[in-house]
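Taking it in order: structure first as structure tokens, then the write-up.
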Amino acid sequence: MKKYRYFPLEYKQRIVSEIESGQRSKAAIAREEHLASSLIDRWQKKVREGTLVDRLCACDRQLMKKNDWLKVCYSCNSGYY
């Protein structure tokens, strides 16, 4: 199974700011960084909308699920973990 690549928020912001400042073109960045231009378009749109956020890694998502499950157990006073 192929794993998805993870790009930190700071990386996404740097890529978008380089394009918008004119330092590098979108095509050059896509080619040099091995990114799809549609991915860069999505990042630019999210920056404009103010919705660009960092994604949780798999281990953090697992911890959140376990935490939610424990909260349910605790609220039911079941005592079973």
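The values are calculated or read from the model by the stated rules, or taken from the named source; none is laboratory data. No experiment lies behind these values; they were computed from the predicted model shown. Backbone-built Cβ (ideal geometry, glycine too); neighbour counts: all protein chains shown.
Below is a table of values for the structure above.
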{"read-out": "Some residue of the range 47-55 being part of a helix (DSSP H, G or I), surrounded by 12 or more Cβ atoms within 10 Å (Cβ to Cβ) and at pLDDT 90 or above", "value": "yes"}
{"read-out": "Pair list, Cβ < 7 Å and 6+ apart or interchain, from the range 21-47 residues that are more than 18 Å from Leu9 (Cβ to Cβ) to residues that are of a type in the set (Gly, Ala, Ser) and outside any helix (DSSP H, G or I)", "value": "Ala30/Ala36"}
{"read-out": "Hits in the range 2-46 (condition: assigned to a helix (DSSP H, G or I), over 15 Å from the mean Cα position of the chain (by Cα) and surrounded by 13 or more Cβ atoms within 10 Å (Cβ to Cβ))", "value": "Glu18, Ile19, Lys26, Ile29, Ala30, Glu33"}
